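Below are the structure tokens for one structure; questions will follow.
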Amino acid sequence: MKIGIIGGSGLDNPDILENPSDSEMETPYGAPSSCLRNGVIAGRDVVLIARHGLEHTHTPTRVNYRANIWALKQAGCDCILATTACGSLRRRIARGHLVILDQFIDFTRHRSITFHDEFEPHGAVHTPMAEPFDDSLREVLLRSCAECGVEHHARGTVITIEGPRFSTRAESNMFRQWGADVINMSVAPECILANEIGLPYAAVAMSTDYDCWKTDEPPVTWEEILEVFGGNVEKVTKVLITAIKGLEQGCND
Ligand code: ADE
């Protein structure tokens with residue numbers, strides 16, 4: 001069993017691996033966001049990609065999601081655990097809380113969101129997406145959150161926006177009415193592509209701010225996100241490592 005990890009902003013520290021070694025990979029879609037860092041966590045083989053690059057140079061629009069997912073498949077991964085920062089659209093989801101996502105709304109506009117740009121003759125591919133996050137992986141992450149004693153929410157709908165700008169207040173209020181619980185700029189295409197390629201995928205979202213719907217505090221800034229990351233990175237890392245320890249042979253057994 002091999003586990004792919006996609007580390008989001010501030011959660012992409014490759015130093016969490018034992019026996020690390022880097023490898024480059026080209027894919028039919030170009031290069032992944034970063035080299036593939038191969039190593040071991042809790043006795044399990046893992047491959048880590050830093051979603052925004054090791055120096056955080058790829059904007060959410062420019063992240064090569066197809067290359068990242070393809071590369072993890074090609075590297076022999078059986079499943080993907082992803083981390084992401086997110087804004088909270090609900091009062092109950094406070095800064096530093098983790099959310100084990102179970103649904104997404106795709107509000108992106110300028111991204112490649114499929115491996116099937118063209119169909120083979122009579123070979124249409126329409127991937128089911130009703131339950132996009134893998135339940136067995138979500139269960140493992142939930143158990144891990146409980147074991148680590150971190151405040152978390154067992155489910156949540158993420159809306160992924162194009163970015164890199166934040167939302168207007170009108171958008172933020174609309175997303176709340178649509179039923180979104182948290183907001184980010186990356187999960188939707190990544191999760192779609194993992195499903196298309198047949199890799200079970202789950203994501204831990206860490207809440208860093210209240211976006212801008214909550215008018216009793218200033219709207220989100222990047223500086224705020226970085227600061228809240230800083231205080232909570234260890235928590236997410238611990239949850240991830242504990243989850244990897246808890247994975248049985250074959251990610252989704
Ligand atoms: N990532 C973290 N906070 C966010 C927000 N408020 N909007 C979009 N992406 C985010």
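Name the residue that is farthest from the ligand (Cβ to nearest atom), counting only residues in the stretch 163-181 that are exposed (fewer than 13 other Cβ atoms within 10 Å of the Cβ), without any contact (Cβ under 8 Å) to a residue 12 or more places away in the chain and in a helix (DSSP H, G or I).
The extreme case among them is GLN177.
Being among the aliphatic types (A, V, I, L, M), under 22 Å from ALA42 (Cα atoms) and assigned to a strand (DSSP E or B) narrows it down to one residue among ALA205, ALA243, ALA146; which is it?
ALA205
Filter the stretch 143-162 down to the residues that are over 19 Å from ARG109 (Cα atoms) and crowded, with 21+ Cβ neighbours inside 10 Å and list them by number.
SER144, CYS145, HIS152, HIS153, GLY156
Can you name the residue in the stretch 214-232 that is more than 17 Å from THR160 (Cβ to Cβ) and assigned to a loop (DSSP other than H, G, I, E, B) and, of all such residues, is farthest from the ligand (Cβ to nearest atom)?
Within the stretch 214-232, the match that is farthest from the ligand (Cβ to nearest atom) is ASP216.
Only residues in the stretch 217-246 that are β-branched (Val, Ile, Thr) count as the first member; pair them with residues that are in a helix (DSSP H, G or I) and more than 14 Å from the ligand (Cβ to nearest atom), Cβ under 6 angstrom, at least 6 apart or cross-chain, and list the lot.
THR237/ILE16; VAL239/SER144; VAL239/CYS145; VAL239/CYS148; THR242/SER144; THR242/GLU147; THR242/CYS148
Answer with yes or no whether ALA85 is in contact with a Leu (Cβ under 8 Å, 6 or more places away or on another chain) and surrounded by 18 or more Cβ atoms within 10 Å (Cβ to Cβ).
Judged against the criteria, ALA85 is a match.
Given the structure, is GLY39 within 16 Å of the ligand (Cβ to nearest atom) and either of a type in the set (Gly, Ala, Ser) or surrounded by fewer than 22 Cβ atoms within 10 Å (Cβ to Cβ) (or both)?
In short, no.
Here's a follow-up. Can you confirm whether THR160 is more than 9 Å from the ligand (Cβ to nearest atom) and without any contact (Cβ under 8 Å) to a residue 60 or more places away in the chain?
Criteria not met by THR160.
Any read-out appearing in this document is the output of simple, stated calculations on the displayed coordinates, not a laboratory observation. Owing to the predicted nature of the structure, the values given are computational and were not obtained by experimental measurement. Because the Cβ atoms are built from the backbone with ideal geometry, glycine has one as well, and the counts that use them run over all protein chains shown.
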